[in-house]
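> One structure is given below, represented as structure tokens, and several questions about it will come after.
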Amino acid sequence: MPISHIMASGMTGIRAAGDLVARMEFSKNMRIGEAKEYVAKKLNVDAMDLSDEHVMRELREELDIGIITSVPGAAKSIAAKMNIEKLLGIKINSCEAFRKQIA
Amino acid sequence: MAAEYALRMGDGKRIYLTEEKILSEIEAGSGNAADLGEIPDLSVDEIDKLAQILMMPGKAVSVEHGMEVPVTHDIGTIRLDGDQGNSGVGIPSSRLVGCMMHERAFGADTMELGHIDYSFKPVKPVVANECQAMEVCQQNMIIPLFYGAMPNMGLYYTPDGPFENPGDLMKMFKIDKARESMEHAAEHLTRDTVWVMQKLFASGADGVNFDTTAAAGDADMYGTLCAVEILRTQFPDMYIEMGMAGEMVLGMHGELEYDGVRLAGLWPHEQAPLAAQAGANVFGPVVNTNTSKTSPWNLARAVTFIKAAVEASSIPCHVNMGMGVGGIPMLETPPVDAVTRASKAMVEIAGVDGI
């Protein structure tokens, strides 16, 4: 059933930019329109592109914010989230914890 | 003979309805919500749009390009590795594997980690285990990863917990004692959920999903709102989602108030401002499915309630659309045709910020 929702209405996570829009809703209480507009501006794309896998596949790799496949040298997990922090201008709790541990 | 469209009953059984019947069911469902919640009916245009969605020829339908919304999850990986005779499918796999499958294979926008019992109280003795799992998952994932659990205040009453069961007390007409028991349980609920989330947030969790808030009535909601308020004060950056158990808060206690508002009897559009006031980032409204009614009736009713909640809310609303809520039929394997139609209607008519 969650797959049905994802296919019918979802932004498909890191296949596109669903994780980024969700982060703005949760970190800044942004409603859906504002969150999409904010992320689109940061990514320099149209809001329509945020759910477009073709656009986001290359762009995510270029920005080094995490993709679904293995690309040698590409950022994953915490590293990708640290790049998302910089891109969106937010703090992510797991990245904060990681920084404290290596300080 | 008028054309008939394949739709569903609230229990998922296939039925065939004419356009005329679909429209009358939509009007009746919307009217029911409007009467109960004292909110506006769907407009003529909205009724027409909902009918068009229900009558679309394809088995699966979807939102228009550009209208997609983020999807949040309850129950987490338990839907894969758990099996409680309902939604879990019992696939032997770790929770890390479950989380990563959702992120990299299923296209999930967010995910959550949860204990097999999926309640806060049983997490206490194994919180270190939960923290380990959260750390490992956060080290491997990119999408927001919550810790999810149910407040489930019923676990604080005998025979499962320390406080006398209010149901038993009320049967003996000990109303004041029953209320005291609920108040004590709510205090413990607040204390436990805050303690658990202090640990999980220190382990890197992005936030918390309070799932099925108010399942045990108004005191359950009171305890949860207090927990949200404390967590917001202690952790300004914690992602907090507060999802409800049912469409109306049951007045088991009857006199509890939060921020000057009596909790008993609140509908979704009245619950949303309280969630925001307590400090939640996202509110998850619920509308129950009536298994004896048709999908047009249930979906129209749900969309009417949720549209009012979205308008009343100052924070994003991620509508609950699992089995038996939000216009989804009440069965373990909700038909894809019914789920996708409900999904599209909630986004395009109710205007939800997420699902």
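> What number of residues in the stretch B:289-299 are of a type in the set (Gly, Ala, Ser) and touching a helix residue (DSSP H, G or I) at 6+ places or on another chain (Cβ under 8 Å)?
1
> For B:Ala205, are the conditions met, namely being in contact with a Phe, Trp or Tyr (Cβ under 6 Å, 6 or more places away or on another chain), modelled with pLDDT of 95 or more, among the small types (Gly, Ala, Ser) and over 23 Å from B:Leu145 (Cα atoms)?
No.
> Looking at B:Gly243, B:Gly265, can you tell me which residue is surrounded by fewer than 22 Cβ atoms within 10 Å (Cβ to Cβ) and of a type in the set (Gly, Ala, Ser)?
It is B:Gly265.
> With the checklist (1) at pLDDT below 95; (2) out of contact with any helix residue (DSSP H, G or I) (no Cβ under 9 Å at 6 or more places or on another chain) in hand, flag the one item B:Arg79 doesn't pass.
Against the list (1) at pLDDT below 95; (2) out of contact with any helix residue (DSSP H, G or I) (no Cβ under 9 Å at 6 or more places or on another chain), B:Arg79 comes up short only on (2).
> Taking only the stretch A:35-91 into account, find how many residues are over 11 Å from the mean Cα position of the chain (by Cα), β-branched (Val, Ile, Thr) and part of a helix (DSSP H, G or I).
2
> Considering only the stretch B:14-29, I want to know if a residue exists there that is assigned to a loop (DSSP other than H, G, I, E, B) and either touching a Cys at 6+ places or on another chain (Cβ under 6 Å) or not hydrophobic (A, V, I, L, M, F, W, C) (or both).
no
> Is it true that some residue in the stretch A:16-25 is free of Cβ contacts under 8 Å to residues at least 40 places away in the same chain, among the β-branched types (Val, Ile, Thr) and either in a loop (DSSP other than H, G, I, E, B) or within 11 Å of another protein chain (Cβ to nearest Cβ) (or both)?
yes
> What do you reckon, is B:Thr294 more than 10 Å from chain A (Cβ to nearest Cβ) and at negative phi?
yes
> For the stretch B:289-307, which positions are among the hydroxyl-bearing types (Ser, Thr, Tyr) and part of a loop (DSSP other than H, G, I, E, B)?
The answer is B:Thr289, B:Thr291, B:Ser292.
> Would you point out which residue out of B:Val310, B:Val286 is free of Cβ contacts under 8 Å to residues at least 60 places away in the same chain and either in contact with a helix residue (DSSP H, G or I) (Cβ under 6 Å, 6 or more places away or on another chain) or in a helix (DSSP H, G or I) (or both)?
B:Val310
> Sort through A:Leu43, A:Leu59, A:Leu50 and tell me the only one that's touching a residue at least 24 places away in the same chain (Cβ under 8 Å) and either surrounded by fewer than 20 Cβ atoms within 10 Å (Cβ to Cβ) or within 9 Å of chain B (Cβ to nearest Cβ) (or both).
Selected residue: A:Leu50, the only one of A:Leu43, A:Leu59, A:Leu50 that is touching a residue at least 24 places away in the same chain (Cβ under 8 Å) and either surrounded by fewer than 20 Cβ atoms within 10 Å (Cβ to Cβ) or within 9 Å of chain B (Cβ to nearest Cβ) (or both).
> Inside the stretch B:228-259, can you point out the residues that are away from chain A (no Cβ under 14 Å) and small (Gly, Ala, Ser)?
Across the stretch B:228-259, the qualifying residues are B:Ala245, B:Gly246, B:Gly251, B:Gly254.
Residues checked against (1) touching a Gly at 6+ places or on another chain (Cβ under 9 Å); (2) more than 12 Å from chain A (Cβ to nearest Cβ); (3) of a type in the set (D, E, K, R):
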| position | (1), (2), (3) |
| --- | --- |
| B:Phe283 | yes, no, no |
| B:Asn288 | yes, yes, no |
| B:Arg301 | yes, yes, yes |
| B:Ile306 | yes, yes, no |
| B:Ser313 | no, no, no |
| B:Arg341 | yes, no, yes |
| B:Met346 | yes, no, no |
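> Checking the conditions here, which among B:Lys59, B:Lys13 is surrounded by fewer than 15 Cβ atoms within 10 Å (Cβ to Cβ) and either among the β-branched types (Val, Ile, Thr) or closer than 30 Å to A:Ile14 by Cβ (or both)?
B:Lys59
> Moving to a separate point now. Show the residue pairs that are 6+ apart or on different chains and have beta-carbon atoms under 9 Å apart, the first residue being within the stretch B:192-219 and closer than 25 Å to B:Tyr157 by Cα, the second being assigned to a loop (DSSP other than H, G, I, E, B) and among the charged types (D, E, K, R).
Close Cβ pairs satisfying both conditions: B:Asn209/B:Asp74; B:Asp211/B:Asp74; B:Thr212/B:Asp74; B:Asp218/B:Glu255.
> Shifting gears a bit: Filter the stretch B:325-355 for residues that are touching a strand residue (DSSP E or B) at 6+ places or on another chain (Cβ under 7 Å) and outside any helix (DSSP H, G or I) and give the result.
B:Val325, B:Pro329, B:Pro335, B:Val352, B:Asp353, B:Gly354, B:Ile355, listed by residue number.
The values are calculated or read from the model by the stated rules, or taken from the named source; none is laboratory data. Remember, predicted model here, so these are calculated numbers, not experimental data. A quick note on method: Cβ atoms are made from the backbone with ideal geometry, for glycine too, and the neighbour counts reach across all protein chains shown.
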